[in-house]
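All remarks here apply to the structure that follows.
The values are calculated or read from the model by the stated rules, or taken from the named source; none is laboratory data. Just so we're clear, the structure is a prediction, and the values are computed from it rather than from any experiment. Positions of Cβ are backbone-derived with ideal geometry, glycine not excepted, and every protein chain shown enters the neighbour counts.
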Amino acid sequence: MIVAAARRLDHTLGDVYLARMPTVHCARCGLERDRMSFQPFQNELGKRAYDEICGVCWGEWLKMQQQLINHYGLDLRDPKAKEFLFRNMEQFLFKTGQVGSSGSS
């Protein structure tokens, strides 16, 4: 009977070290969680979201954003639609008002 030694598929020797993602104290949920993996937009709001919002809450925003796009039938090529989404993103993530409102009086 021949017994073959177990082979590792990743071809590494010894223990593998995986660095933890940096954490952030989330402005939305108030918990210390993993930071988003990248800055979502190259503007002030994108930087603020990256600096203050955790990956979990960002994922929740992405779901809400899709609901808003579908509900209102937004055309993302339209600057007004983008402005609407940025305003709602700020309201959702930083709790500055009611999400889904048009903001016009």
Item to check | Filtered residues of region 1-36 (kept if over 22 Å from LYS95 (Cα atoms) and either among the polar types (S, T, N, Q) or at pLDDT 95 or above (or both)) | outcome: THR12
Checklist outcome for this item: Inside region 23-64, the number of residues satisfying the requirement of being of a type in the set (Asp, Glu) and farther than 18 Å from PHE86 by Cα is 2
Item to check | Unique residue being surrounded by 10 or more Cβ atoms within 10 Å (Cβ to Cβ) and at pLDDT below 95 when the list is GLY103, GLY59 | outcome: GLY103
Next on the checklist: For region 72-82, check the following and say yes or no: at least one residue is surrounded by 11 or more Cβ atoms within 10 Å (Cβ to Cβ), in contact with a Gly (Cβ under 8 Å, 6 or more places away or on another chain) and farther than 19 Å from THR23 by Cβ.
Outcome noted: no
